[in-house]
Each structure stands twice: as structure tokens, then as C-alpha cells.
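One structure below.
The values are calculated or read from the model by the stated rules, or taken from the named source; none is laboratory data. Everything quoted here is computed from the prediction, not taken from an experiment. Don't worry about glycine lacking a Cβ; one is built from the backbone with ideal geometry, like all the others, and counts go over all protein chains shown.
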Amino acid sequence: MHCMKGRRHVAKVEERENKAKRGGLTMPMLMPPSQYDHPPQVPVIEKVVPWNELQRFCHGVIERDKIRTATGAGVWGCAGLVKGKCYVFRIDVPGVRRHELAHCNGWPHDHPGGWYDAPLH
Ligand SMILES: [Zn+2]
């Protein structure tokens, strides 16, 4: 019984992730409010990685190292401030860069003031 429950849960998560992967280019992007929407004052270390690698980094490293300052982790990318530098990992989708750089500027990860860009069709 327990095994079946577990499997069903995993399947659900995978389904959601696949949907996110497929819908990546057409899903609306959450954009930052204007006070965070500018080039960061701190050095930015940016890495564009494949989706699978991104999930590993965003859910692994950020959790492990307890990066809590201006950290945002989503389907498309994540950002975290480490020793005065902002590390951005993201996939190559329009709008993600702006979103993650806003986290470098201190936009909290629950995205107060965020607004949705029109879907790119
Ligand atoms: Zn975010």
C-alpha cells in the first residue's frame, strides 16, 4: 500500500515537471516590480544550464548551503547572494534573466509586487 502511494506521488511530480518543460516558452513569466528591475550593483556570476541540471542546482545547492539571502528558485532559474556576489543559474528562456537579476537586487522569493508578462505566442 505504501509503495503504491509513493509511486503515485512521484508520477504526479514528474507530470508537473514535464508540463513545465514543455510549456516553458509559452507560460507567462513573473516579472519584478520596478524597484528591483534594474542591473544589480553586485557582481553577477551567471550560468545557463540545461533544465535537468538547473533542477539539481536549484534544489540541491541552495538547500544544502542554506542560501537564504535574496534566493529565488523556480522552474526556470534560481539566484542567490553568496559573499557579495549574485549567482544566477537559469535555462535559456526570455524573461528569466530579468526575473533572476531582480532576486540579486533583493526581491524576496515570494515575489511581492510581481506581475505576469503576456505569454509569448
Ligand atoms: Zn523568483
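Any idea how many residues of the stretch 79-91 are closer than 12 Å to Pro40 by Cα, of a type in the set (A, V, I, L, M, F, W, C) and either out of contact with any helix residue (DSSP H, G or I) (no Cβ under 8 Å at 6 or more places or on another chain) or away from the ligand (no atom under 12 Å from the Cβ) (or both)?
Within the stretch 79-91, residues that are closer than 12 Å to Pro40 by Cα, of a type in the set (A, V, I, L, M, F, W, C) and either out of contact with any helix residue (DSSP H, G or I) (no Cβ under 8 Å at 6 or more places or on another chain) or away from the ligand (no atom under 12 Å from the Cβ) (or both) number 2.
Which members of the stretch 79-107 meet the condition of being crowded, with 18+ Cβ neighbours inside 10 Å, aliphatic (A, V, I, L, M) and assigned to a strand (DSSP E or B)?
Listed by number, the residues that qualify are Ala79, Leu81, Val88.
Could you list all residues from the stretch 92-121 that are modelled with pLDDT under 90, away from the ligand (no atom under 12 Å from the Cβ) and either of a type in the set (A, V, I, L, M, F, W, C) or under 20 Å from Val42 (Cα atoms) (or both)?
Val93, Ala118, Leu120, listed by residue number.
Find all pairs meeting these conditions: Cβ atoms under 6 angstrom apart; at least six residues apart or on different chains; first residue within the stretch 93-121 and of a type outside the set (A, V, I, L, M, F, W, C); second residue at pLDDT 90 or above and surrounded by fewer than 18 Cβ atoms within 10 Å (Cβ to Cβ).
Sorted first by the residue in the stretch 93-121, then by its partner, the pairs are Gly113/Pro33.
Quick check on the stretch 18-56: of everything there that is modelled with pLDDT under 55 and either among the hydroxyl-bearing types (Ser, Thr, Tyr) or over 20 Å from Asp117 (Cβ atoms) (or both), which residue is farthest from the ligand (Cβ to nearest atom)? Don't jump to the end; show me each part of the working.
Of the stretch 18-56, the ones modelled with pLDDT under 55 are 18-26.
Add one more test, that the residue is either among the hydroxyl-bearing types (Ser, Thr, Tyr) or over 20 Å from Asp117 (Cβ atoms) (or both), and what stays is 18, 26.
On the way: Asn18: 21, Thr26: 19 Å.
The extreme case among them is Asn18.
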